[in-house]
């Protein structure tokens, strides 16, 4: 976005871009999607934000839905299972490398932030889920330590009409409309409380989708993250894949709308007032604390999911090599690595049916 919109086209000033990036870091929701919405607002107001939202989300949403439909239909075939045998290991490496990179970039040499990071990582591994209130607490602790304010220093839903049940048919059969509402509110909460990089949503989704609601198995969840990595667009589009597996086409649509609605509304409502508070030391300290907690949760999620995906020598090797390539050869695109891992998994699975 910076290269194309700021440097080449000149549509957005560098100052507006930097302020938009800070705004997206301050706000809950997927970072890249919210930055795109903000830049759309800068360029053409609320209409610009709406147009950019549709353009940014729709292509990857459609791809995720198509892949989800194929996954539901062909999921039991051996070649599909073989591909995801290798892809799962690569995804773990990507999540781990993301936590490693984000930790170096955002925590620096700040001891408090590293303590927050470690605490949340351990808590995530221990509980097997992301605890939203803990993120808020970490933000408050950071405010108190780094920039203490002056006063401190001083009913049942009817089933869908007959004939349209296929719209709610996912991997476990036809879902109820009450499940559809549960899906909507869960992803609305995800979009409203997750800060930073798209991968920050992984531990939150894992805790709900796999741990609390048991909508998907751990393998299906890993496959959903893999699909989000393969398709272009925001990682959070995994919501559409998960929603489709849970409740068919309507489930995928509802989940995608719900997860992107909070950041879109935040841009529309908060962007005009944002510049008044962007430099506030308490706001900056709060975001630093929340960001450290988010990175810790990502690291914890990598450990949890790694236990289920790195199950033998081949998967360990795929994961390790993927991690090293990401760290040493930074220009290799993640989708390429995932597709290569899928090919290796397919070859290994074919050789050992």
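Nothing in this text is a laboratory measurement; each read-out follows from the coordinates by a stated rule. Every value quoted in this text rests on a predicted model; they were computed, and no experiment measured them. Using ideal geometry, Cβ is built from the backbone for each residue, glycine included, and neighbour counts are taken over all protein chains shown.
Once the Cα-Cα distance is subtracted from the 0.36 nm per residue extended length, the residue 311 to residue 348 segment shows a gain of 11.9 nm. Put a dot 7 Å past the Cα of residue 66, heading toward its Cβ, do the same for residue 283, and the two dots end up 4.1 nm apart. Arranged from fewest to most other beta-carbon atoms within 10 Å of their beta carbon, 112, 222, 107 become 112, 107, 222. Starting from the Cα gyration tensor of the range 225-316, take the square roots of the eigenvalues, sort them a ≥ b ≥ c, and report rounded, prolate or oblate (rounded when a/c is under 1.5, otherwise prolate if a/b is larger than b/c, else oblate). Note, shape of the range 225-316 comes out oblate. Dividing the helix sum by the residues of the chain, where each DSSP H run of 4 or more adds -39500 (n - 2.57), gives a mean residue ellipticity at 222 nm of -25500 deg cm²/dmol. Taking packing as the residue-averaged number of other Cβ atoms within 10 angstrom, the listed peptides 55-61, 251-257 run from highest to lowest as 251-257, 55-61. The ranking of 244, 85 from fewest to most other beta carbons within 10 Å of each one's beta carbon is 85, 244. Taking a ≥ b ≥ c as the square roots of the eigenvalues of the Cα gyration tensor of the range 15-126, is the shape rounded (a/c under 1.5), prolate (a/b larger than b/c) or oblate? Judged from the Cα gyration tensor, the range 15-126 comes out oblate (a/c at least 1.5, b/c at or above a/b). Only Cα pairs under 8 Å and 6+ residues apart enter the sum, and on that basis the relative contact order of the range 237-353 stands at 9 percent. Shape class of the range 274-353 from the Cα gyration tensor (axes a ≥ b ≥ c, square roots of the eigenvalues): prolate, since a/c reaches 1.5 or more and a/b is larger than b/c. Here volume of the Cα convex hull per residue in Å³ was computed from the coordinates, and among [x] 168; [y] 294; [z] 155 the match is [z].
Each of 6, 202 was scored by other Cβ atoms within 10 Å of its Cβ. Arranged with the fewest first, they read 6, 202.
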